[in-house]
Amino acid sequence: MDSRDGRDEKSIRGSDNLQWFIVERVRLIYEQLEEAKRLMRDGSASKLRLALILLDNAAELLMYRELRKQFATDDYWRRGSAWRHHSEDRAKIEYTDEERRRSEKEFAPMTKLLAMRLGRISSQDRTILDICHGVRRDAFHRGEMNNRIFAAVTRLLFVTVVNLTTKLPFRSFMIVGGTGTN
């Protein structure tokens, strides 16, 4: 479930509800950024840990949504269309099926696909996201934190995630021929 009232994406019908759903997703990301900023200002190790968790999650949500959009578009062009009147092959897929499967389940393959295959994020973004994800993993799952670098890592991830919101913007999109109503 993605929304506060318990509705998930599949239950959303009609353009007004879709617009509402998109606004809810955008709001979630920006609320996480604002809360992370508040926690970072406190500066304690436990608050920085929580900020890092929120930021890592926001980055993953942005990247996952971007890949879902790309995969939906690619799936559509793979299937072809009876009403498509040009011979240009628009199904030029930039990744393997294995890369797709892994990116749907794991963080590092997601950043690799977005950076190296699709060019949506820079290699610098990828490096920062992967390192910060590892720091978050160690802090969250193992309770391991290097307090000397924790504040700097959290600030770096904050700036990177804010930049991701412009590199991977929320857009309403529709695959023509879908089952929704117009």
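With respect to (1) within 16 Å of the chain's Cα centre (by Cα); (2) modelled with pLDDT under 95; (3) of a type in the set (Ser, Thr, Tyr), the lone exception for THR127 is condition (2).
Can you name the residue in segment 134-143 that is charged (D, E, K, R) and assigned to a helix (DSSP H, G or I) and is also nearest to LEU164 (Cα to Cα) among such residues?
Ranking the candidates gives ARG136 first.
Checked against the criterion of being among the aliphatic types (A, V, I, L, M), surrounded by 12 or more Cβ atoms within 10 Å (Cβ to Cβ), at pLDDT 90 or above and in contact with a Phe, Trp or Tyr (Cβ under 6 Å, 6 or more places away or on another chain), the candidates LEU48, LEU52, LEU39, LEU62 yield just one match: LEU48. Remark: ARG102 falls outside the filter, which requires a residue to be under 21 Å from ARG78 (Cα atoms), touching a Phe, Trp or Tyr at 6+ places or on another chain (Cβ under 8 Å), surrounded by 14 or more Cβ atoms within 10 Å (Cβ to Cβ) and among the basic types (Lys, Arg).
The residue that is surrounded by the fewest Cβ atoms within 10 Å (Cβ to Cβ), among those in segment 135-174 that are of a type in the set (Gly, Ala, Ser) and in contact (Cβ under 8 Å) with a residue 12 or more places away in the chain, is SER172. The combined condition, being at pLDDT below 90, surrounded by fewer than 15 Cβ atoms within 10 Å (Cβ to Cβ), out of contact with any Cys (no Cβ under 6 Å at 6 or more places or on another chain) and polar (S, T, N, Q), is fulfilled by THR181. The set of residues from segment 96-112 being under 15 Å from LEU61 (Cα atoms), in a helix (DSSP H, G or I) and not polar (S, T, N, Q) comprises PHE107, ALA108, PRO109, MET110.
ILE93: modelled with pLDDT of 95 or more, more than 14 Å from ILE53 (Cα to Cα) and not in a helix (DSSP H, G or I), yes or no? Lay out the reasoning, then the answer.
Working: modelled with pLDDT of 95 or more: no; more than 14 Å from ILE53 (Cα to Cα): yes; not in a helix (DSSP H, G or I): yes.
So ILE93 does not fit the description; no.
Within segment 118-133, work out how many residues are surrounded by 14 or more Cβ atoms within 10 Å (Cβ to Cβ) and part of a helix (DSSP H, G or I). Qualifying residue count for the region: 7.
Which ones in segment 144-173 are more than 20 Å from GLU31 (Cα to Cα) and in contact with a Lys or Arg (Cβ under 7 Å, 6 or more places away or on another chain)? MET145, PHE173, listed by residue number.
The values are calculated or read from the model by the stated rules, or taken from the named source; none is laboratory data. Since the model is a prediction, treat every value here as computed from it, not as a measurement. Cβ sites come from the backbone with ideal geometry, for glycine too, and all protein chains shown count toward neighbours.
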